[in-house]
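Written out below as structure tokens is the structure these notes cover.
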Amino acid sequence: MAPFSLGPLPVDPPLVLAPMAGLTDPPFRRLVARLGGCGLMVTPMLTPTAVRAHEALHIPIGTGVDGAPPLAVQLAPVTAADVADSLPRVLGMLDPAAIDINMGCAAPYVRRAGCGAGLASDPSRALAVVSQARRLWQGALTVKLRAGESPDPARLLSFLRTLVDAGVTAVFFHGRLLREKFKREARWDLVAALVEGLDVPVVGNGDVGEPCVALRHLSETGCAGIMIGRSALANPWIFAQTAALARDASRPAPSNDAFRDAILGLIEDIGRSYDPGRARARVALVLPYLLDRFPFGRRAAIAASCLPTVAGQHASVASFLERAVQNPNR
């Protein structure tokens, strides 16, 4: 499992934590950093409004723990003017490993606003955004996108070659159409087509639920790296497990006790990191993923999400996990 390069930066292992709004924020990134195996992390998308709020309120963007993997900052601009406003502010707050432009978020409100997948649907505007980012930033510049409205490799390659010519140095690609959300299996044949047709690293994303799946996609598509999102929320050890499997090393699955400690520690970190209302909402958002491996975990997540405080959520989850660990088959 060879590293890939983002400019002068080697991404080693070539495993990337995907950006997921409200989920892969600093507390979760700190957990993954402690468990190891991740070579690069990407922040959840930052709109111009969010960037200004981080700057005005002194909210950290970085992961905030020594030894954390390099961090790419994902921007969600609508226009080149948004880049001109946001990018200098970001660079005033931290020195990122890369700047990523979100061209893949398929949420309807994001597309209607003209960012995310709405930006990719307007090639001239997308080119202007990338060109402005390149004028302001000399480091690694990436884009993250989906397949669009139809699985057309020729169209994708034409669009991405234009962006590469304008300065994009790597592509993060999720092999689903916009309308498919997460309902259909990701199309890794499209990842292979982009690998064949582009002269920059292509990192594949979608349905990487197990370490063996990550290694199979690396081998079969020739992609430079693997980006993992929802599966990392359900199993934060997946990066370390994948890296160990690539070395032919034996790494036992984490125990239920280890999962319990990780989940409760994450809830505590979220509680320390945000104001009470935001912390409670963040815990409610991540719990269905974290508890999914346990019988009745989704039900426990819903029950805890309804509680008014993080302390109450923590106590509810701790009680559920104590029972789940002692009776793993019930």
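The values are calculated or read from the model by the stated rules, or taken from the named source; none is laboratory data. From a predicted model like this one, the values you see are computed outputs, not experimental measurements. Neighbour counts are summed over all protein chains in view; Cβ atoms, including those assigned to glycine, are modelled from backbone coordinates with ideal geometry.
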Need the failing condition index for GLU210 against (1) more than 26 Å from GLY167 (Cα to Cα); (2) under 18 Å from the mean Cα position of the chain (by Cα); (3) surrounded by 21 or more Cβ atoms within 10 Å (Cβ to Cβ), just the number. (3)
Pairs only if they're at least six apart or on different chains, beta carbon under 8 angstrom, first in region 290-316 and farther than 16 Å from ASP261 by Cα, second of a type in the set (S, T, N, Q) and in a loop (DSSP other than H, G, I, E, B); list them, first residue then second. PRO295/ASN329
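Okay, residues lined up against (1) crowded, with 18+ Cβ neighbours inside 10 Å; (2) at pLDDT below 90; (3) in the same structural domain as PRO48 (by TED's automatic domain parsing); (4) more than 21 Å from the chain's Cα centre (by Cα):
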{"site": "ALA106", "(1), (2), (3), (4)": "yes, yes, yes, no"}
{"site": "LEU119", "(1), (2), (3), (4)": "yes, no, yes, no"}
{"site": "PRO123", "(1), (2), (3), (4)": "no, no, yes, yes"}
{"site": "LEU136", "(1), (2), (3), (4)": "no, no, yes, yes"}
{"site": "GLY139", "(1), (2), (3), (4)": "no, no, yes, no"}
{"site": "GLY148", "(1), (2), (3), (4)": "yes, yes, yes, no"}
{"site": "ASP152", "(1), (2), (3), (4)": "no, yes, yes, yes"}
{"site": "LEU157", "(1), (2), (3), (4)": "no, no, yes, yes"}
{"site": "THR162", "(1), (2), (3), (4)": "no, no, yes, yes"}
What residue, among those in region 53-74 that are of a type outside the set (S, T, N, Q) and closer than 23 Å to ALA117 by Cα, is surrounded by the most Cβ atoms within 10 Å (Cβ to Cβ)? ALA72
Within region 243-266, track down each residue that is loosely packed, with under 15 Cβ neighbours inside 10 Å and not in a helix (DSSP H, G or I). ARG247, ASP248, ALA249, SER250, PRO252, ALA253, SER255
Among the residues listed as PRO27, PRO77, the single one being surrounded by 23 or more Cβ atoms within 10 Å (Cβ to Cβ), closer than 19 Å to ALA120 by Cβ and touching a helix residue (DSSP H, G or I) at 6+ places or on another chain (Cβ under 7 Å): PRO77
Quick one: which residue in ALA246, ALA240 is on the phi < 0 side of the Ramachandran plot, small (Gly, Ala, Ser) and within 21 Å of the chain's Cα centre (by Cα)? ALA240
